[in-house]
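The values are calculated or read from the model by the stated rules, or taken from the named source; none is laboratory data. Model, not experiment: these values are computed from the prediction. We place every Cβ from the backbone using ideal geometry, glycine too, and count neighbours over all the protein chains shown. Only protein heavy atoms, including side chains, enter the accessible area calculation; ligands, DNA and RNA are left aside. Shrake-Rupley method; radii C 1.70, N 1.55, O 1.52, S 1.80 Å.
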Amino acid sequence: MSHDALIVPSLEALLFDVDGTLADTEDSHRVAFNAAFAEAGLDWFWDEALYAQLLRVTGGKERIRYFIDGHVPSFRPDGDLEAFIAGLHREKTRVYVQMLGRGELPLRPGVERLIRDARDNGLRLAIATTTTPDNVYSLLQHSFSTDATDWFELIAAADAAPIKKPAPDVYHYALDRLGLPAERCLALEDSANGVIAARQAELEVLVTVNGYTRDQDFNGAALVLDGFGEPGHPCHVIAGGPDPGGLVDTGFLRRLHALRWTARNAADAN
Ligand code: XBP
Ligand code: MG
């Protein structure tokens, strides 16, 4: 079957990751974790270097457990350890949501422009994140607009998929709820765990790196950029292609999607 016979499916939906993609949130998460530790009378402190390592594990509760196992293995609270961790995480989430409520976390450059452009050009929008639902709602309402949660047809967070990235569960859940095949969607991520999760769900992935993820392995991603770009502040290609010419918009995402689909299916067609 020649290439010409291949009918490229149209791009229907964008699936946005949250932490590190919509906004540079991870350092605020780190500050909130440290505040929760201090509040609990613990002398634990996560500096940037340690947090970058701990980000190997997604999910706040899972990350605390990973820290305990690796750094304070003899630590045992009075009472149940999992209950203790859940309590720490509730306090961390309370502090983090307060930070969001003070508007301390702007969206990354180009994110609001791209979301508005995608919506104006008929793309369906969804969120597929590991983080706690309250964090997503608060970020959208305080850093985007009070009705921003309505912009997303689906917000799939930690409650929807307890088995977290790099497992594909949250993406499978999102595709199922949207009623779309992976080949009609594109995932937007910032981390290696996110790329693995999306690829396991057979989604093409565009990565925008940040200070915490820049050195991670993005094998399998269609394109790795340093951001989505804004007029006058172009984004740059780190790996993959094609080059968006400094600014990611809906037209470019449709081209990227078609190129990746054709490349993946042309091989099968021959
Ligand atoms: C990244 C995560 C999250 C946050 C912490 O989420 O791993 O767990 O670091 O949030 P994303 P919680 O998939 O959006 O990149 O403490 O709420 O888990
Ligand atoms: Mg992320």
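Report the Cα centroid-to-centroid distance between the range 221-257 and the range 84-159 in angstrom, as an integer.
Each part's Cα centre sits 22 Å from the other's.
Between 0 and 90 degrees, rounded to the nearest ten: what's the tilt of helix 133-143 against the longest Cα principal axis of the chain?
Orientation of helix 133-143: about 70 degrees from the principal axis.
How large is the Kirkwood hydrodynamic radius of the range 144-225, counting all unique pairs of alpha carbons, in Å?
It works out to 13.3 Å.
If I compute solvent accessible area with a 1.4 Å probe over the protein chains, what percent of it on the range 24-137 is carbon and sulfur?
Roughly 50 percent, rounded to a whole number.
Please work out the average accessible area per residue across the chain, using the 1.4 Å probe convention, and give it in Å².
44 Å²
Would you work out the Kirkwood radius for the range 184-224? I mean one over the mean of 1/r across all pairs of different Cα atoms, in Å.
9.8 Å
Would you mind getting me the FRET efficiency between V72 and T262? Use the beta-carbon distance for r and R0 = 51 Å, nearest 0.05.
0.50
Order of 210-217, 199-206 by packing, highest average Cβ count within 10 Å first?
By packing density, highest mean first, the sequence is 199-206, 210-217.
Roughly to the nearest percent, how much of the accessible area of the range 162-267 is carbon and sulfur, given a 1.4 Å probe?
With neighbouring chains kept in place, the figure for the range 162-267 is 52 percent.
How large is the charge dipole for the chain, taken about the Cα centre, if only the Cβ atoms of Lys, Arg (+1) and Asp, Glu (-1) carry charge, to the nearest 20 debye?
Roughly 220 debye for the chain.
Subtract the Cα-Cα distance of Q53 and D27 from 0.36 nm times their separation in residues, and report this length gain in nm to one decimal.
8.1 nm is the gain from fully extending Q53 to D27.
Take the chain, compute every pairwise Cα distance, and split them into 5 Å bins from 0; I just need the percent in each bin.
With a bin width of 5 Å, the distribution comes to 1, 6, 13, 17, 18, 16, 12, 7, 5, 3, 2, 1, 0, 0.
Could you work out how far helix 250-269 tilts from the main Cα principal axis of the chain, as a 0 to 90 degree angle to the nearest 10?
Roughly 70 degrees, rounded to the nearest 10.
From the backbone phi of the range 239-245, what are the Karplus-calculated ³J(HN,Hα) couplings (6.51 cos²θ - 1.76 cosθ + 1.60, θ = phi - 60°) in whole Hz, Gly and Pro given as x?
7, x, x, x, 7, x, x
Between the helical axis of 26-39 and the dominant principal axis of the chain, each derived from Cα atoms, what acute angle in degrees is found, rounded to the nearest 10?
Around 20 degrees separate the two axes.
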